[in-house]
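Participant: Below is a structure I'd like to ask you about.
The values are calculated or read from the model by the stated rules, or taken from the named source; none is laboratory data. None of these values were measured; they are calculated from a predicted model. Counting neighbours? That spans all protein chains shown, and the Cβs are built from the backbone with ideal geometry, glycine included.
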Amino acid sequence: MADFLRWSEGIVTFALVLGTLALACKHRRSWPQWCSVLLWLALFGGTYRLLESVAGSFVFYLAALFLCALSYTLVFQRGALYHRICLSVVSIFSIVTIKTLVMSLNSLFSGVPEMGARAMTALDYLLFYLAYLLCAAYLARFYPDKQTHLPPRYWILFSASTAFSAVMVYLSIEFSISTAISVSLSAALYLVNLGLILLIYYLTYLVSENYARVLQAQAVEQRQQNQIEQLQHTSDMIDRVRRERHELKNTYFYIDGLVKTGRYQELEQYLDAELSARVTSMEEFQTGNALVDLLLTQKAGEARQKGVHIMTSVTLTPELSVKEEDLCALLANLLDNAIEASQKCEAEEREIHLEIKSVNEMFLLKIWNTCLERPRKMKRNWLMTTKEDSICHGWGMANVKQIVESAGGEIDYTCGGNWFQVNVLI
């Protein structure tokens, strides 16, 4: 009978943990939530009853609860894995702490003659379920539901804090059992442990939410900066068109003067030298997108002025899987980096190849250029700037990565020999 009661208590505890996870975390749509909870309860009941007879101990009991809760959240739930693990640990040790706290309070009232055994048992269960319902509501309310990827130093710190609070709960229970301390002191110790667990959980929520807001503000600021740069590019193109129109008018009058005065030899030299260079510099692109055409024209002109040969193969459809302003910001950053890297090479080795395709609602971009030096070691899975002023530089590639990830795409790079290549798929 005692084994059955211990087993049923374990089932109820695990049901409370699953209920907390179901209340706070997002569920995958492949299984109904109630069905997955019942299935995992059945699996836990069968495996725990079998293994508990072999290695029945309090540590094994906690480990079984955690592993089953972890497997449930991995299979049936989605979201940041660290937050789900943290919620599982906090739920389990909150239950344990509340149980021991209620048992301590039970000892305080055990001497009251008006309270019978059944009344005390009913009061214990009432206090326990009421306290944990409040705790579960607290955990669900302050669960960080944003997909925020915290830097390693944050989640290492919070993992260590959560583990420390769990260890403190375990040591407190062992200490109260092995040491003859007063019931009131034991209850106060459990209450402090519970407050510590919930406080650390709340601090994790605050840091995650604030970090998400900072990232969102940076993304908005970067997008505004992209729009400003795009407006500047457009303004530069308008100025260039005006200058070329003025030069074209002067060229027309000059050619007209040479023809009317019969200076045909000078006219031929002028056409071979001056005019052919101007026509080349006025290269036009026809990609199917007017704004991209203007941007490529401007960047091709900048590359040509710096002695960089640029070759393009661009085909765009009217319906793009990426926003037009994001596409222009993406191209501007990648081409600026490619021009800057190629410019450091020898004059005959300065090359940039750009290939863009839009096929079946998929956007494919590939750009490769010659480079004199290999990129420096990666920082947080991306490249570090090779410039000395790393504070003011190095945001171009970070901006590219942010644009691609916000559009749900993928980006990678390869570097071999004196070539550097970036591949984008959206």
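Participant: Let me confirm something: among LEU185, LEU189, which residue is in the same structural domain as VAL59 (by TED's automatic domain parsing) and either out of contact with any Ser or Thr (no Cβ under 9 Å at 6 or more places or on another chain) or surrounded by 14 or more Cβ atoms within 10 Å (Cβ to Cβ) (or both)? Full working, then the answer.
Facilitator: Details: LEU185 fails: either out of contact with any Ser or Thr (no Cβ under 9 Å at 6 or more places or on another chain) or surrounded by 14 or more Cβ atoms within 10 Å (Cβ to Cβ) (or both).
Exactly one of LEU185, LEU189 is in the same structural domain as VAL59 (by TED's automatic domain parsing) and either out of contact with any Ser or Thr (no Cβ under 9 Å at 6 or more places or on another chain) or surrounded by 14 or more Cβ atoms within 10 Å (Cβ to Cβ) (or both), namely LEU189.
Participant: Is one or more of the residues making up region 236-243 assigned to a helix (DSSP H, G or I) and in contact with an Asp or Glu (Cβ under 9 Å, 6 or more places away or on another chain)?
Facilitator: Within region 236-243 (the criterion being assigned to a helix (DSSP H, G or I) and in contact with an Asp or Glu (Cβ under 9 Å, 6 or more places away or on another chain)), the answer is no, since none of the residues qualifies.
Participant: Still on this structure, please answer the following. Starting from region 319-338, take each residue that is in contact (Cβ under 8 Å) with a residue 24 or more places away in the chain and list its partners that are assigned to a loop (DSSP other than H, G, I, E, B), counting only C-beta distances under 6 angstrom and pairs at least six apart or across chains.
Facilitator: From region 319-338, the pairs are SER321/GLU361; SER321/ILE426; VAL322/ALA407; VAL322/ILE426.
Participant: May I pose another question? Can you tell which of THR179, THR162, THR148 is on the phi < 0 side of the Ramachandran plot, in contact with a Cys (Cβ under 6 Å, 6 or more places away or on another chain) and at pLDDT below 80?
Facilitator: Values: THR179 fails: in contact with a Cys (Cβ under 6 Å, 6 or more places away or on another chain); THR148 fails: in contact with a Cys (Cβ under 6 Å, 6 or more places away or on another chain).
After applying the criteria, what remains is THR162.
Participant: If a residue has to be touching a Gly at 6+ places or on another chain (Cβ under 6 Å) and assigned to a helix (DSSP H, G or I) to count, how many in region 309-358 make the cut?
Facilitator: 3
Participant: Here is a further query. If a residue must be within 12 Å of SER176 (Cβ to Cβ) and at pLDDT below 80, how many such residues does region 90-107 contain?
Facilitator: Of the residues in region 90-107, 3 are within 12 Å of SER176 (Cβ to Cβ) and at pLDDT below 80.
Participant: Here's something else I'd like to know. With the requirement that a residue be at pLDDT below 85, assigned to a loop (DSSP other than H, G, I, E, B) and surrounded by fewer than 16 Cβ atoms within 10 Å (Cβ to Cβ), what does region 288-308 give you?
Facilitator: Answer for region 288-308, where residues must be at pLDDT below 85, assigned to a loop (DSSP other than H, G, I, E, B) and surrounded by fewer than 16 Cβ atoms within 10 Å (Cβ to Cβ): just GLY288.
Participant: Further, regarding this structure: Could you tell me how many of the residues in region 224-272 are surrounded by 12 or more Cβ atoms within 10 Å (Cβ to Cβ), at pLDDT below 80 and of a type in the set (Val, Ile, Thr)?
Facilitator: Total meeting the criteria: 3.
Participant: Determine, yes or no, whether ALA140 is surrounded by fewer than 19 Cβ atoms within 10 Å (Cβ to Cβ), assigned by TED's automatic domain parsing to the domain that holds VAL214 and either in a helix (DSSP H, G or I) or at pLDDT below 80 (or both).
Facilitator: yes
Participant: Same structure again: Please determine, by comparing only the residues of region 1-32 that are exposed (fewer than 14 other Cβ atoms within 10 Å of the Cβ) and within 12 Å of TYR72 (Cβ to Cβ), which one is modelled with the lowest pLDDT.
Facilitator: Once the filter is applied, the top-ranked residue is TRP31.
Participant: Now for a different question. Residues to consider are GLN224, GLN216; find the one that is of a type outside the set (Val, Ile, Thr) and within 22 Å of LEU335 (Cβ to Cβ).
Facilitator: Sole residue among the options that is of a type outside the set (Val, Ile, Thr) and within 22 Å of LEU335 (Cβ to Cβ): GLN224.
Participant: Okay, next question. Report, by residue number, each residue of region 310-346 that is modelled with pLDDT of 85 or more, over 21 Å from ASN423 (Cβ atoms) and not basic (Lys, Arg).
Facilitator: Across region 310-346, the qualifying residues are GLN343, CYS345, GLU346.
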